[in-house]
1. List, in order, the whole-Hz ³J(HN,Hα) value for each residue of segment 169-183 obtained from phi through the Karplus relation with A = 6.51, B = -1.76, C = 1.60 and θ = phi - 60°; use x for Gly and Pro.
2. Please find, in a Gaussian network model of the chain (springs between Cα atoms separated by less than 10 Å), the residue of 72, 306, 281 whose mean-square fluctuation is greatest.
3. Taking the chain as a Gaussian network, where each spring joins two C-alpha atoms under 10 Å apart, which residue of 48, 246, 212 fluctuates the most?
4. Within the set 165/365; 285/307; 223/285; 223/322; 277/317, which residue pairs have Cα atoms separated by over 32 Å?
5. Calculate, for residue 22 and residue 141, the FRET efficiency according to 1/(1 + (r/R0)^6) with r their C-beta to C-beta distance and R0 56 Å; round to the nearest 0.05.
6. Helix 10-22 versus the longest principal axis of the chain: what is the Cα-based angle in degrees, 0 to 90, to the nearest 10?
7. Distance from the Cα centre of segment 98-117 to that of segment 292-329, in angstrom?
8. Using DSSP to define loop residues, name the GluC sites (Glu not before Pro) in segment 34-93 whose beta-carbon has at most 11 other beta-carbon atoms within 10 Å.
Amino acid sequence: MKISVVGGGNGGCFTALYLAWHCKDIEVELIYNPEILPERVGQATLLNPPALLWAATGFDWYHNPIHATMKSGILYEGWGQVNDKVFHPFPPNSMAMHYCPWEMQASIIQSGHFKVTHGDVDPKDVDADYVFDCRGKPDDFSNYEDLDNPINACILGRPKWNTSKNSWSRHVATPDGWTFVIPTHKSSPSNDFCVGYCYNSDITQKEVAEYNFLEMFDVEVTKHVKFKNYIAKNPIIDDRIILNGNRLFFLEPLESSSTQTYLMWVKYIKDAILTKKDSCSNASKEVRRYIEQVKNFVLWHYQGGSKYDTPFWDYAKSLTFKDEAFDAMLYESRTYDKYGIMPKSYGGYTTDGNEYGQWSPYSFKVWYQGMTEQLTDKSSLV
């Protein structure tokens with residue numbers, strides 16, 4: 001069997017690497033145009049991508065060609081009405097990362113695990129049993145529908161301070177939305193884009209957002225970005241072409257959920273479609289359900305508001321959702337001690353499949369407590 005991946009961005013590279021590493025009896029080919037570089041933005045992950053890189057490329061924190069920094073969790077500043085800061089740590093013995101995406105591209109492509117072909121091709125014309133279409137955001141959105149989210153724009157900046165001293169992302173509430181601060185080596189090319197002022201361009205004018213960004217953070221503006229939050233109506237086309245990366249969906253970066261979703265989708269295809277255990281139509285429903293849960297978990301973070309009483313936060317709080325699976329997970333999380341519900345792989349409680357999107361009851365518990373209970377901040381670092 002041969003599988004081709006078209007597109008050399010974050011989604012395409014991780015798709016090709018996962019297939020080549022986990023499907024040794026399958027021929028994997030990556031087809032991409034080397035003149036098209038990954039988008040110039042900072043990048044962060046959840047837990048699975050570093051583990052794949054560690055196994056497949058020899059990456060570690062010392063042998064580090066992608067200027068990666070450790071990500072032990074997310075520090076939310078100014079979110080909710082109860083605590084000034086809420087830290088969402090990852091479980092012990094686990095670590096995500098921040099990295100430079102175009103250095104990541106080069107590292108994966110040069111790993112030697114799959115065939116690499118240069119060129120611009122239409123996936124329909126590729127001679128392979130299956131083709132992953134990872135060519136980035138679509139030009140035509142007729143096969144897509146919107147995902148509810150209050151953020152649709154971001155101003156990127158180069159910090160005038162050293163962000164790499166912390167091992168966690170900072171997500172700072174602002175009057176217009178929130179700002180990410182990604183710990184980044186000053187020598188990394190992505191240092192130019194590691195602070196991002198996320199806002200809604202239908203509520204806040206670009207000039208006002210930039211003014212507020214510069215008032216709140218000591219940065220030099222480097223780039224303006226506008227985007228849609230969307231999902232493909234049909235993630236698998238003609239039972240052969242499988243959408244992934246930004247061709248599959250896009251959601252604002254609050255929970256750094258994109259790369260983890262790409263890998264989940266490839267794993268599902270490997271386990272279900274390639275082995276004929278499931279149909280393409282059921283697979284499409286599964287990934288859409290998964291992304292819907294990711295969307296809901298992100299929206300939940302806005303429900304508690306922030307320290308700002310502004311039109312943005314009024315709008316963000318109005319984006320509600322109803323999902324029995326979410327309610328059940330939240331109820332379950334509240335019945336256990338915080339440290340008794342860590343994922344089973346880390347020695348705690350959960351059952352196989354007891355996750356909502358990418359999150360176990362542990363993550364639900366952490367955020368629920370942060371939004372409803374007065375926490376004692378004993379850290380001298382934050």
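Here, each number is a calculation from the coordinates, and none is a lab measurement. Being a predicted model, the structure only gives us computed values, none of them experimental. For neighbour counting, all protein chains shown are included, and Cβ atoms are generated from backbone atoms with ideal geometry for every residue, glycine included.
1. Residue by residue, segment 169-183 yields 6, 9, 10, 9, 5, 10, x, 9, x, 7, 10, 8, 10, 9, x Hz.
2. Among 72, 306, 281, the largest GNM mean-square fluctuation belongs to 281.
3. Between 48, 246, 212, it is 212 that shows the largest mean-square fluctuation.
4. 285/307; 223/285; 223/322; 277/317
5. 0.95
6. 60
7. 36
8. Those that pass, being in a loop and sparsely packed, are 35.
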